[in-house]
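Any read-out appearing in this document is the output of simple, stated calculations on the displayed coordinates, not a laboratory observation. Nothing here was measured: the structure is a model prediction, and the numbers come from that model. Neighbour counts are summed over all protein chains in view; Cβ atoms, including those assigned to glycine, are modelled from backbone coordinates with ideal geometry.
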């Protein structure tokens, strides 16, 4: 079965129309490269040369990761829920120092947060729990472009409401894409 990803389901609710296409394309490329570098570091793999436009974001991640992550469970692995019919790739399922259970964290490079992030991470939490991880917390890690401390946005308190919103979006996606 070809299930939609969390990102596909939420795409209609992410409005980038005010952003010029060339700025959006450059930000998307930078974001993909930052994610690649961060994932390599989280997996304990060798990190090749870091482009200047990614260096601050990567340093921001490295500082946080090295200081706060105790154990890595998953790094950008595809998870599937066949019951509800969707997939997703959480950036990180890790146990933070001082926590008894793992958390789900999504890496972000925009300077401002977006309302879809909470909904996105709630779906990743659901998938991680279905995969057997007893998730304690969830949120986004907004990396600093200058290499400073990232902003940790935790959404654990609103997870039930956020996941209900995701299910509504998933049902809408099915209605408009699954024509029998």
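Between residue 47 and residue 2, the C-beta separation translates, for a Förster distance of 41 Å, into a calculated FRET efficiency of about 0.75. In terms of surrounding Cβ atoms within a 10 Å radius of their Cβ, 122, 168, 17 rank from fewest to most as 17, 168, 122. In a fully extended conformation the segment linking residue 97 and residue 36 would gain 19.6 nm over its present Cα-Cα distance, using 0.36 nm per residue. With helices as the sole contributors, the chain gives -14500 deg cm²/dmol at 222 nm; each DSSP H run of n ≥ 4 counts as -39500 (n - 2.57), and the sum is divided by every residue. Calculated on the alpha-carbon coordinates, the convex hull of region 5-138 measures out at 114 cubic angstrom per residue. Going from the residue with the fewest nearby Cβ atoms within 10 Å to the one with the most, 35, 177 rank 177, 35.
Using the Cβ-Cβ distance between residue 83 and residue 23 with R0 set to 25 Å, the FRET efficiency from 1/(1 + (r/R0)^6) comes to roughly 0.05.
Using the Cβ-Cβ distance between residue 68 and residue 146 with R0 set to 25 Å, the FRET efficiency from 1/(1 + (r/R0)^6) comes to roughly 0.85.
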